[in-house]
1. Can you give the convex hull volume of the alpha carbon atoms of region 137-178 per residue, in Å³?
2. How large is ³J(HN,Hα) for each residue in region 105-120, as worked out from phi by the Karplus curve 6.51 cos²θ - 1.76 cosθ + 1.60 (θ = phi - 60°), to whole Hz, x for Gly and Pro?
3. Only Lys, Arg, Asp and Glu count, each charged at its Cβ (+1, +1, -1, -1), so figure out the dipole size of the chain about its Cα centre, rounded to 20 debye.
4. Could you please report the charge total around Leu262, scoring K, R as +1 and D, E as -1 over all other residues with beta-carbon less than 14 angstrom from its beta-carbon?
5. Could you identify which residue out of Thr74, Thr161, Thr258 has the top mean-square fluctuation in a GNM of the chain using Cα springs shorter than 10 Å?
6. If you average the alpha carbon positions of region 76-130 and of region 174-237, how far apart do those two centres end up, in angstrom?
7. Around Asp50, which amide H atoms from residues at least 5 apart in sequence, or from another chain, sit under 5 Å from its own amide H, with H modelled in the peptide plane?
8. For a Förster distance of 30 Å, can you work out the FRET efficiency between the beta-carbons of Gln25 and Glu194, rounded to the nearest 0.05?
Amino acid sequence: MIHFLTLLLILSSFSLASEFNCSPQTTINWNQISDGVSWAKYDIQFSPYDKENHAWTATPSRSATVRVFKIDLTKNKILFHSSQKDLECNARTDRYIQKLVDDSKAQVLGAINASFFVMPNGKIQGLALDENKVWSNDLTAQTISSSGVFSIENGLPALETRDSFISRYGSVVSQDDLKRFTFAVQAYPKLLIENEIQITDSVLNSRRPRTSIGTAGNPDEIILVTIDARGENDKTGMTLFEYAHFVKTDKCGVGQKTVLNLDGGGSTSFAIPSLNIYEQADRCRHLGNILTVQKRL
């Protein structure tokens, strides 16, 4: 009888389900950094996806640490920062994101890593602009089909395909058209548009730390999310398919409707300078650019 019950327990751990299952392990507490900027850190357990069987495992058996910003754009702004030089970093004591925050010489409320870039020169791949500067207006450097552009155009945030954006503005955006935007970042893959998942389970199956930008419906609020920014090992991270379901799921504490994946893996970073919080999955990996949250003066 004991052996039979043991067998049932083993078999149940490998049973499959039709839906993603995720739950926070503690109460999610939102902490205010500044007026219109709040953040949370919490652990979750989630059911991994069984790609071979095209189904979710029934029992949550993996975990991740979530760090997230919510930013009111009527009181704050999101600006890129990129350095023209490689900043010296000691892997025992430093994290590269702190070097970039310090290099910005700005009053940074929070920061995460941003878009993909070319090694070793750090040149940003694809479109990148903010209220202060056009960092790159050439969409041709990023040709992958799942590429998307998350932008704030005429005050409204939106995510669209690279091809759709090019059909409206061309592959190199003109100075006149750039005036329509206060922010834009091109990256891949698109994860959610209007609550619809934009990828299939055919995407890369590796589990890595992740970073994303998106909205939950309020056009004045931007949400920046990272998972497992502290470090990489075989027990951390999500596949892109798992991550898309995670950011969509309300009970996981995020519940977004539109999301673009940003550079992740060892580049995944999260910083709150006022609290001396600087996390980066690969401590001294060169980051070509970061997104900084700053007060709107």
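1. 64
2. With coefficients 6.51, -1.76 and 1.60, one gets 6, 10, 7, 8, 7, x, 7, 9, 5, 10, 8, 6, 8, 8, 8, x Hz.
3. In debye, rounded to 20, the chain gives about 540.
4. +3
5. For the chain, modelled as a Gaussian network with Cα springs under 10 Å, the answer is Thr74.
6. 17
7. Ala55, Trp56, Thr57
8. 0.50
Each reported figure results from applying straightforward, stated rules to the coordinates on display, with no laboratory input. Keep in mind the model is a prediction, meaning the values are calculated, not measured. Neighbour counts are summed over all protein chains in view; Cβ atoms, including those assigned to glycine, are modelled from backbone coordinates with ideal geometry.
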